[in-house]
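No value in this document is a laboratory result; all are computed from the given coordinates. None of these values were measured; they are calculated from a predicted model. Virtual Cβ from ideal backbone geometry, glycine too; neighbours counted across all protein chains shown.
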Amino acid sequence: MTFDYNKTQKQRMVITLENGVTVEGMYLDLRITPETIPAGKIWYQIRHCDNDWIEPATLKKGCVMVNFMGTFVSAPIKGLEEWGDEVEIEGYKFVES
C-alpha cells in the first residue's frame, strides 16, 4: 500500500552520505505514491540497520523490500548513480520546521 505525499505527516531530515554529501529533504515513515510528490522532487527509500529499527543505514534510489524504514523526498541527488543505487548513511538529524 502507498500513500499520498500531500496527505501524510512529514518531518524535515538532513542526511550525510558515506561520500560526504549532505542532503536535506522530507522524511515519511510510509511508502509514497510517486505521482503525488511535488514537481522537481524525487523519492528515495531508507533502509534501517538489522539490529536497530530506528537507525537509518542506507539510502536507496528505488524500492527497499527488506528493512524498510521510510521514504526520503528531496531534490535529485547529483552523482548518486556514480556511487550505485544504494549508499550508506553516515549521519542524520531531524530538523524543526
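What do you get for Rg/Rh over region 45-97 if you use C-alpha atoms and the Kirkwood form of Rh?
That ratio is 0.96, to two decimals.
Taking only the Cα atoms of the chain, how large is their convex hull per residue, in Å³?
99
Which FRET efficiency value, to the nearest 0.05, do you get for Trp83 and Asp50 by plugging their Cβ-Cβ distance into 1/(1 + (r/R0)^6) with R0 = 22 Å?
0.55
Within 11 Å, Cβ to Cβ, of His48, how many net charges do the neighbouring residues add up to if Lys/Arg are +1 and Asp/Glu are -1?
Charge balance near His48 sits at -3.
Relative contact order (percent) for region 5-95, with alpha-carbon contacts under 8 angstrom and 6 or more residues of separation?
36
Let's see if you can work this out: charge +1 on each Lys and Arg Cβ, -1 on each Asp and Glu Cβ, no other charges. What is the dipole magnitude of region 5-95 about its Cα centre, in debye to the nearest 20?
The calculated dipole for region 5-95 is roughly 520 debye.
Apply the Karplus curve 6.51 cos²θ - 1.76 cosθ + 1.60, θ = phi - 60°, to the phi angles in region 27-37 and return the couplings in whole Hz, x for Gly and Pro.
After applying 6.51 cos²θ - 1.76 cosθ + 1.60, I find 10, 9, 8, 10, 8, 10, 6, x, 5, 9, 7 Hz.
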